[in-house]
Each structure stands twice: as C-alpha cells, then as structure tokens.
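Beneath this line is the structure, given in structure tokens, with notes to follow.
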Amino acid sequence: MQAVQKKEVRDAQAALRHSERRFRALFDSMFQFTVLLAADGTVLEINQAALGICGLTSDSQAIGSKFWEVPWPAGNDVLARLRAAAEAAARGEFVREEHEGRRSDGGRLIVDVSTKPAYDDDGRLLYVIAEGRDVTHRKMVEESLAESEDRFRSAMQFSAIGMCLVSTEGRFLSVNRSLCRITGYAPAELLDRDFQSITHPDDLASDLELLRRVLSGELDSYQLDKRYIHKQGHVIWCLLTVSLVRGKDGELLYFVSQVQDVTDRKRAELELAELNAKLEARVHERTHALLEANAELEAFCYSVSHDLRAPLRHINGYAAMLAEDCARQMPPQAEQHLRSISDASRQMGGLIDDLLSFSRAGRTEAAEGELDLDELVSEVVRAMRAGGGDRAIEWKVEPLPRVVGDRSMIRQVFANLIDNAIKYTQPQPLARIEIGCVGEDDGRAIIAVHDNGVGFDMQYADKLFGVFQRLHHIDEFEGTGVGLANVRRIIARHGGRAWAEAEPGMGASFYFTLTIAR
C-alpha cells in the first residue's frame, strides 16, 4: 500500500514537472514581451523575448526582484509609469501604455505594454500579467512617414508653382497658396469646387480626354497649355502637368497637378503670331508690288531694246550717208562734227547694251551647277586675245578650283574684269595680267584678277562698283561705267562678295568669292 502511494506521488510530481516544462516552453516561445508579477510587484516569471527586449542575459537578474528595481535600460520616468501600471493591475485595473526607453546598446526602445490581473476561482489575485510588444520599428516608420508627410505638405504649400491634389472625379482635395494666388480663389473656395468649374469651356474637352487616357493606362502623365477662368472673370493661361497616383494594389487614388501661370508667355506668343501674320501679309503685298515693278521693268527694257535703238540706227545711217554723199563738199570741221555724232551714237548703243545686261543680271534666274573655272577662263582669254590686236600682253593663269554657279553669268564676270585689265594696261609697253585663286573664305574660293595698269586711289574704291561710276575720263579710257556694277550684282546673286585693291600707277587687283564645289 505504501509503495503504491509513493508511486502515485512520483507520478504526480513527474506530471507536474512535465506541465511546468510545457508551460516554460510555451512561456519562453511567446514572441511578445511577457512578465508575471506578484501583487507586490515581485517578478515571478519573465520570458526570453522580455529578456532580449530589456537587455538582460538571464532571468535570475529579474526573478525575485521588484519589477521596478530590475536594472532595465529604460529611464526612471518609464520605470515610474511601469510601477504605476503594475499597482493599478494589482487593484484589478487594466492598463495599456507605450513606454520608450533605451536598449542596452543605446538604441531607441518603444514597447506597447498592457498590464492586467489574473484571479483564481475564488476571486483572489494570483498575479499580474504584463505583456508587451517591441513596436520601435513600426513607430519609427510612422514617425518617418509623418515627417515625410509634413515635408511634402510644407513643400507643396510654399512652392512657387501652383500645386493641388485632385480626386479622380475632378474635385480639389488639397491646394497650395500659389494655386490660390493664380486663380484668385481662397483655399476653402477651391476645396468646394472641381477643376471643371474653373476651366475655360474651349479647353475642357481636350483636358478630359487626356485624363481619360491617363486613367485607362495609355499615358503615365501629360502636359497641356490650358485656360482657367480667374475668380474675377478674366482668362489666365497655365501650363498644366498631371500625374496619377495609385495605391499598392493598383487602385486609383488621386491626381497630382502642377499649375504654372504662363499668361505673359502666351500673350507674347499670340502677339508674335499676329505680328508674323501682318509681316506675311506685308511681304505678300510687297512681293506683288515687286512682281508688278519687274513687269514694268521688262516693258522698259523692251522699250530700251527696240524703241531707243531705232533712232540710233537712223542717226548712224544718216551720218554715214551724209559722209558718203557730201564728203567732197564738206569742210574739215563738219567732218569732225560728223565723226563725233557717229562716235556718240555708238557709245549710246554700247551703253544701252550694258544697261540691258545689268538689268538681266538682277532679274534672270541663276542656273547654278558645277563649273570648271580653268576651262571657262581659257575660253574668255582666247576670245580676248583674238580681239586684242597686236598688243604685248603677258598672261599668267594659275589652276582654279571647281565652283558652283551660273556659267553664263560667271563668264560675264571674267569677261568684264579681263577686259578692264586689258583696257587699263594700255599705257604699259608690256601688260601683265594674272588670274588665280588666292585662298578660301568660309567654304568659298577667293578668285583674283591682277594687272599692272594705271591703278586708282583707294579712297574712291567704293565708286568702282556703282552704275555709271568712273575714275578716269572717257577720253582716256572708253567704257560706260556699268561693267563692274554688273560684276558685283552677279557675285551677290551667287552669295559672294566682290572688292578691289590698288595704288595709282601700280596696277589693280579685283577679287570675288564663289562657293567651292564639294
């Protein structure tokens, strides 16, 4: 009998130890902070999570000690609140508070702790349960989010650009000061409206269509120049930038809009467009007037070519008949007068030809192509030699580049310059004429025609290229004073420039530029 009783006691003790081990395993495995306290605050049990949170290495550092006497890393103010919570729980009250202190490594520690009493079947207090969770990370994230939210609100409110949050239906959810300044509305007035109510009717359809495309996922965002109706009734132009904000699950939350007042820019653009329209109309009018002037010039040239030549032919014809029929009876002085009449009529004919050539150079369409200047200059020089008589002329023609231009026009340029060189070297027993390329200027060849003729004073150089401008008397050198004017006009038609350099008695150099063929 006694042996049976001993066995039952051993079995009961074993079962109790097994139960305690299961309780300890369950108690220690709890993730949350858990402490059991006696009614006087003595620590009865503490789990591993609480030891880790509190920075203790062994439960012996806490068990048997008053809860507020344990060397927690938290400050004295936290311990005081924990003691008050434990005492309240001992009186049967439930208390839940967040306590912040320091971990053993000095880092922040925030614990959400609840204390509550545990009673036996007879209603007697067994112990106080203090449970808690380490909410440091969650609280720090919440604080960071709150700080970020404050920064966003501050940045939005004080931004120089109008900003607002708008619901997917178009109602204003939040507006900043700049948007209120731009539109003239107070914040409360805008928050009581939707953007459609202040959008100009002519711009609403395009704005709504872009919003639809953003909501459907076709666009991530969009920009639009649109008009708003100011509170005072006038129109303001704004550059609108709109983006859609979605939630973590892709749900549509709201639009973020930026609004910049570009009224001054749009007004300038409209004024510029109006000015351009006026300029185009003026150009059209002047082009029409120029066409009419060209038509009149064509008629004038026709008149010059036909009507003025007829009297000259009559003068030359009758002068020739008079010289032939009355040569024996005519005194020497009369013969001299008759020769002067013939010379003047021939000079008038040459002047008419030169004027017509000058007029055609300004009106004729340039048929530009690639030109072989070596071949062209050789052709002109051969023609000049054939008509130059028995004068002694030393020619020096250097290789010339291929250029772009109208062949007949450029031939006329060389003919005029070489003819001038021959003419103004007449006083020289041996004339020297050089033709060559002396360099480049921004993709253009610089062509030069040099002579050792009479030259001229550079202070009169600007007169050379004017119509009827001459630096020598007609009795010295014949000519009409149109050739060099024609040269400058032709070269200008080709986008180049022409100029001259000389000294009296030291010859002259004439230069012009033509685009090099690539």
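Can you sort Glu98, Glu274 from fewest to most other Cβ atoms within 10 Å of each residue's own Cβ?
Values: Glu98 13, Glu274 10.
Sorted ascending by nearby Cβ count, the order is Glu274, Glu98.
For segment 159-261, the gyration tensor built on C-alpha atoms gives a prolate shape. Its axis ratio a/c (a ≥ b ≥ c) is at least 1.5, and a/b is the larger of a/b and b/c.
Got a sec? How would Lys396, Lys231 order by Cβ neighbour count within 10 Å, fewest to most? Provide the component values of the computation, followed by the final result.
Working: Lys396 10, Lys231 14.
Placing the least packed residue first, the sequence is Lys396, Lys231.
I want the local charge near Glu189. Using Cβ-Cβ distances under 14 Å, sum +1 for each Lys or Arg and -1 for each Asp or Glu among the other residues. Surrounding charge for Glu189 is +3.
Count the net charge of all other residues whose Cβ sits under 12 Å from the Cβ of Ala500, scoring Lys and Arg as +1 and Asp and Glu as -1. Display every interim value, and only then the final one.
Details: positive: Lys463, Arg488, Arg497; negative: Asp451, Asp457, Asp462, Glu501, Glu503.
Taking every other residue near Ala500 into account, the sum is -2.
Provide Asp202, Asp207, Asp372, Asp390 in ascending order of the number of other Cβ atoms located within 10 Å of each residue's Cβ, fewest first.
Details: Asp202 10, Asp207 19, Asp372 14, Asp390 4.
Fewest-to-most Cβ neighbours within 10 Å comes out as Asp390, Asp202, Asp372, Asp207.
Every read-out reported here was derived from the displayed coordinates using simple, explicitly stated rules and does not represent laboratory data. Computed from a prediction, not measured in an experiment: that's the story for all the values here. Counting neighbours? That spans all protein chains shown, and the Cβs are built from the backbone with ideal geometry, glycine included.
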